[in-house]
Amino acid sequence: MYTQAMDTMAREGGAKLEKVLRPEEQALQDRFDARIDAGDFIEAKDWMPDNYRKTLLRQISQHAHSEIVGMLPEGNWISRAPTLKRKAILLAKVQDEGGHGLYLYAAAETLGTSRDQMIDALHSGKAKYSSIFNYPTLTWADIGTIGWLVDGAAIMNQVPICRCSFAPYARAMIRICREESFHQRQGYDSLLTMMRDGTDAQRAMVQDAVNRWWWPCLMMFGPPDDQSPNSAQGMRWGIKRVSNDTLRQKFVDATVQQAQVLGVTLPDPDLKWNEERQHWDFGAIDWSEFWRVVGGDGPCNRERLAMRVAAWEEGAWVREAALAHARKQSMKEAA
Ligand code: BYC
């Protein structure tokens, strides 16, 4: 109704529309800014600036795509898990990730973009997903390492999003973070078993996996703060609560001790405790690799996207059946 009324006015005279609406819009903007400053949550039905909506859609849909694409490198190992227990755990984890994607797509849909539009953007290569899922899972130790390091990095990044100013995203993140902490623990437990009870070859396999995943995990947090174009506005709007570099440092600080307990070496000769900063210093990240992967030219970008598109096409009959069932149910209810 409101939109139609605005359209009618616009057809009758655009200049008049601007004159009438500008103070009203300014008032809405002022009220929105005041709510953000007060730490209020914004609901989907509330007025919000267009760019706030767009930024959220970009971040939430990228996040949803990451969950869905993130199922692929692990799914690859379900049939090769070494024991029934590990297989059941991995199945549950991959299912959780499908669920996380669904909560996040649902949160993004409240902003007015359909799931089909988001999926189209992913499949056509327009939308991003996390760089980390463009690396291969070569051995069983990669699965434990993904749990320990990738999910560990994900939790570090995602806990602050539970306080994101957009309430549907914040609510989805609370549940997701609970499940992510189980994901991290199962990965650590799997590696610990191999390091403590395994053979030399298994220990070497764990070390090799950690060597390959460590630097890509540090890249997950995004570019350095002074090269992050979206950070300032994201922080201003309370979408992002903690900066890329701060989260990366927190992750390194938390992980070093875990690596010591595990008995693996983090592959960074420059890693050392800085008494003055009370943080671990770490070596330079190869940002050219990060941008290459984000730009579509990582080790597995093409393979991941092709598998995603194939899964979507092969699942068409399930979507059609679900829609037919829903139509039948609503006809029954109407009758
Ligand atoms: N990969 O200005 P910046 C999971 C892009 S799921 C790819 O700092 P922002 C899991 C960024 O999008 C993990 N692209 O951006 C699932 C931007 O490009 P656009 C996913 C990246 O938004 C299954 C440009 O670089 N988590 O853990 O302020 C199994 C400049 O960056 C990456 C989320 O999505 C990257 N790593 O901050 C296991 C969390 N980093 O969009 C585990 C939600 C940056 O302007 N997202 N870019 O074209 C966020 O917290 C933020 O969006 C980011 C980036 C920290 C990622």
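Where a number appears in this text, it was derived from the coordinates with a stated rule and is not lab data. Everything quoted here is computed from the prediction, not taken from an experiment. Ideal geometry is used to build each Cβ from the backbone, glycine not excepted, and the neighbour counts take in all protein chains shown.
Okay, here's what the table says:
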{"item": "In nm, spacing of pseudo-spin labels at residue 257 and residue 45 (7 Å Cα→C-beta vector)", "result": "4.6 nm"}
{"item": "Distant-in-sequence amide H partners of residue 279 (H built 1.01 Å from N, under 5 Å)", "result": "274"}
{"item": "Alpha carbon Rg of segment 219-277, scaled by the compact-globule rule 2.2 N^0.38 Å", "result": "1.38"}
{"item": "Descending semi-axes in whole angstrom, ellipsoid equivalent of segment 104-199, from the Cα gyration tensor", "result": "31, 18, 9"}
{"item": "DSSP loop GluC sites (Glu not before Pro) with at most 13 other Cβ within 10 Å excluded, longest remaining stretch of the chain", "result": "44-274"}
{"item": "Cα-Cα separations in segment 251-314 greater than 20 Å, expressed as whole percent", "result": "55 percent"}
{"item": "Residue among 171, 31, 241 with the largest mean-square fluctuation in a Gaussian network model of the chain, springs linking Cα atoms under 10 Å", "result": "31"}
{"item": "Fewest-first sequence of 279, 325, 100 by Cβ atoms within 10 Å of each Cβ", "result": "325, 279, 100"}
{"item": "Rounded FRET efficiency, nearest 0.05, which uses the C-beta distance separating residue 38 from residue 88 and R0 of 45 Å", "result": "0.45"}
{"item": "Residue-averaged 222 nm ellipticity for the chain, from DSSP H runs of 4+ at -39500 (n - 2.57), nearest 500", "result": "-22500 deg cm²/dmol"}
{"item": "Rh by Kirkwood over Cα pairs, then Stokes-Einstein D for the chain at 0.890 mPa s and 25 °C, µm²/s", "result": "111 µm²/s"}
{"item": "Eligible aspartates and glutamates near residue 93 by straight Cα distance, threshold 15 Å, same-chain separation 8 or greater", "result": "67, 74, 142, 151, 179, 180, 189"}
{"item": "Segment 21-78 pair-distance distribution - Cα-Cα, 5 Å bins, rounded %", "result": "4, 15, 17, 18, 12, 9, 8, 7, 5, 3, 2, 1"}
{"item": "Residue exposure sequence - 55, 246, 83 - by fewest surrounding Cβ within 10 Å", "result": "83, 246, 55"}
